[in-house]
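Report on the following structure.
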């Protein structure tokens, strides 16, 4: 295991050290977490939010999934079958919200409701006391326009490593939990989600840290 690859507990220690020693004069610090679909980004982000909190550090989370285009837009663009691929997100909207979070105190952000399979606008407020924002999403480190602009906002970046076998199981279990039949589940997993995951691996810039998950 190389020096930039960590297990979770060791990564937390590393981040705590960096945050305590940071000479960053910005009001907020941003950590970007990317990885393939079902690699564990949401779970890791929630754990980091809890484990990094201290009297000096007040974390919160911004999810890239909140910037999914609505299904009606995807239908018009003939992209519904590819939902979750880079072109099905409002990437410029995400970039604009990153700018706002870098400059404004209280920002209402969208969240993605998995039970409804849609984004809810202005559904959550990141308040002025938040000084660490954990941003999580598949495509945060893409080396393609306009996604590559996101890299400039992050003080630290993390890519989650996960085996293909684990990804397959998690994705199948995720879609089955919605009561979808096996044929559609397999289509979503093997024709969309896993190819999107490989796209992330092949087209993302090098992170500061890798996390084994």
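Being farther than 18 Å from residue 65 by Cβ and part of a loop (DSSP other than H, G, I, E, B) narrows it down to one of 145, 187, so name that one.
Result: 145 is the single residue among 145, 187 that is farther than 18 Å from residue 65 by Cβ and part of a loop (DSSP other than H, G, I, E, B).
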- Among the candidates 146, 207, single out the residue that is exposed (fewer than 14 other Cβ atoms within 10 Å of the Cβ), in contact (Cβ under 8 Å) with a residue 24 or more places away in the chain and under 27 Å from residue 98 (Cα atoms). 146
- Query: Restricting the stretch 163-174 to residues that are surrounded by fewer than 20 Cβ atoms within 10 Å (Cβ to Cβ) and in contact with a helix residue (DSSP H, G or I) (Cβ under 8 Å, 6 or more places away or on another chain), which is nearest to residue 16 (Cα to Cα)?
  - Reply: 164
- Could you grab me the full set of residues in the stretch 101-117 that are over 16 Å from residue 65 (Cβ atoms), outside any strand (DSSP E or B) and either in contact with a helix residue (DSSP H, G or I) (Cβ under 7 Å, 6 or more places away or on another chain) or in contact (Cβ under 8 Å) with a residue 24 or more places away in the chain (or both)? 101, 102
- With the checklist (1) closer than 18 Å to residue 88 by Cβ; (2) assigned to a helix (DSSP H, G or I); (3) touching a strand residue (DSSP E or B) at 6+ places or on another chain (Cβ under 9 Å) in hand, flag the one item residue 171 doesn't pass. (3)
- Query: Does the stretch 29-40 contain at least one residue that is in contact with a strand residue (DSSP E or B) (Cβ under 6 Å, 6 or more places away or on another chain), in contact (Cβ under 8 Å) with a residue 12 or more places away in the chain, more than 17 Å from residue 138 (Cα to Cα) and assigned to a helix (DSSP H, G or I)?
  - Reply: no
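Please enumerate the residues belonging to the stretch 124-149 that are in contact with a helix residue (DSSP H, G or I) (Cβ under 8 Å, 6 or more places away or on another chain) and more than 17 Å from residue 41 (Cα to Cα).
126, 143, 144, 146, 147, 149
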- Message: Tell me yes or no: at least one residue of the stretch 118-129 is part of a loop (DSSP other than H, G, I, E, B), in contact (Cβ under 8 Å) with a residue 12 or more places away in the chain, buried (at least 21 other Cβ atoms within 10 Å of the Cβ) and out of contact with any strand residue (DSSP E or B) (no Cβ under 6 Å at 6 or more places or on another chain).
- Response: no
- Test: residue 61 is under 30 Å from residue 164 (Cβ atoms), part of a strand (DSSP E or B) and modelled with pLDDT under 95: no
- If you check residue 140 against the conditions, is it closer than 25 Å to residue 73 by Cβ, under 13 Å from the mean Cα position of the chain (by Cα) and outside any loop (DSSP other than H, G, I, E, B)? no
- Give the number of residues within the stretch 58-71 that are under 22 Å from residue 9 (Cα atoms) and in contact with a helix residue (DSSP H, G or I) (Cβ under 6 Å, 6 or more places away or on another chain). 2
- Task: Please specify each residue of the stretch 73-87 satisfying the condition of being in a helix (DSSP H, G or I) and either modelled with pLDDT of 95 or more or surrounded by fewer than 17 Cβ atoms within 10 Å (Cβ to Cβ) (or both).
- Result: 73, 75, 76, 80, 81, 82, 86, 87
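The values are calculated or read from the model by the stated rules, or taken from the named source; none is laboratory data. Every value quoted in this text rests on a predicted model; they were computed, and no experiment measured them. All Cβ positions, glycine included, derive from the backbone under ideal geometry; neighbour counts span all protein chains shown.
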